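For reference, the structure discussed in these notes is given below.
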Amino acid sequence: MQYRRLGQSGLKLSLLSFGSWVTFSQQLDERAAAELMKQAYDAGVNFFDNAEAYAAGESERIMGSALRTLGWRRDSYCVSSKVFWGGKLPTQKGLSRKHVVDCCHNALERLQVEYLDLYFCHRPDLDTPLEETVRAMGDLVAQGKVLYWGTSMWRADEIAQAHGIARDLGLAPPTMEQPEYNLFARRKVEREFARLYDALGLGTTIWSPLASGLLTGKYDGGVPAGSRMALPEYKWLREEALDSSAGRANLAKARELGVLARELGCSLAQLSIAWCALNPRVSTVILGATKREQLAENLKALDALPKLSGEVLARIEAIVANKPEPPARY
């Protein structure tokens, strides 16, 4: 395993981490979740990602039960949560001070930990003053309930504004952003956030490196039973990722990438994960898995890093044909 600093902070996260979105509760029970977490931990993974919205809190409860069963030293791993969607009532969602604090306390209880290493604002909240959210996060850091806080799926200007407010108030600023990043979704990490990495010390904990499974090859012949896109509650994801014209175009590109991966002696998934990890602005790549074999394959993606030569990267760019234009210099 390789380890990389979370932006310009001193925290070192495993380059590959393990997340629970979709899988915990919907596809994995407590025993299976604990087995996969142990497999990841034994391979050097030290960051486990979660959120209050995942299975309406059940994902956090399952992870907390696994952490208690596994009995790891608390100083040997990092765990996260995210705040925004905690319920249907007005006080159970958004980024108001009340919900930010309530969500943190609920996450601590479900995860059975005394503090969160990472705590994310899962989306921007246009109905709450940004200063209110920044103050709430800063207070949680000051109280020792959160060590680092950040954002997920925010715009660059929103992150910069939050950072400026925190600086002016003398509070802990947002340290990281959690964007989607893969061979088909590149603009935020490679273009929009370009000026934030050095200016603000921004780190990124990227999700969906396999584009919800498109970059595994398993959807070439349709939607297999048991996959996330076969789940009724993720019909929206299937329609967006597979049934749309853009989805069909990406699936064709994935088949071409699969041919290249086989030439290199690795799987399409390993090639795709390694490509994400090659970007020095990526602090950690969050993996998801439902089977031991799947997780083992994905963890070996780091072995594919030396295979990504300049020539191979050029071939990848020719296939995906979506490299963001750099900011213009006048």
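Sorting 205-213, 113-121 by average packing, meaning the other beta carbons within 10 Å per residue, from highest down gives 205-213, 113-121. Our note on the geometry: Cα centres of the stretch 4-35 and the stretch 51-75, 10 Å apart. When only the Cβ of Lys, Arg, Asp and Glu is charged (+1, +1, -1, -1), the dipole of the stretch 115-190 relative to its Cα centre reaches about 220 debye.
The antiparallel fraction among DSSP beta bridges confined to the chain stands at about 15%. Simple rule: put +1 on each Lys or Arg Cβ and -1 on each Asp or Glu Cβ in the chain, find the dipole, and look at Val83, Leu200, Gln294; the Cα lying farthest toward the positive end is Gln294.
Here's the picture: charge each Lys and Arg Cβ at +1 and each Asp and Glu Cβ at -1 in the chain, and of Gly213, Gln143, Leu11 the one pushed furthest to the positive end of that dipole is Gly213.
Lys/Arg Cβ at +1, Asp/Glu Cβ at -1, dipole of the stretch 1-125 taken about the Cα centre: which of Pro124, Val100, Leu70 is farthest positive-ward? Checking the options against the dipole of the stretch 1-125, the answer is Pro124.
Looking at the stretch 1-141 alone, DSSP beta bridges between its own residues are antiparallel in about 30 percent of cases. Separation of the stretch 97-121 and the stretch 144-201, taken as the distance between their Cα centroids, equals 19 angstrom. Residue separation of Ala43 and Lys307 scaled by 0.36 nm, minus their Cα-Cα distance, works out to 92.9 nm of gained length. When +1 charges are put on Lys and Arg Cβ atoms and -1 charges on Asp and Glu Cβ atoms, the dipole computed for the stretch 68-164 relative to its Cα centre reaches about 380 debye. Charged side chains reduced to their Cβ positions (Lys and Arg at +1, Asp and Glu at -1) give the chain a dipole of some 400 debye around its Cα centre.
With the highest mean first, a sort of the peptides 240-246, 273-279, 83-89 on other beta-carbon atoms found within 10 angstrom per residue produces 273-279, 83-89, 240-246.
A short reminder: the numbers here are calculations on the coordinates, not readings from a lab. Keep in mind it's a predicted model, so treat the numbers as computed, not measured. All Cβ positions, glycine included, derive from the backbone under ideal geometry; neighbour counts span all protein chains shown.
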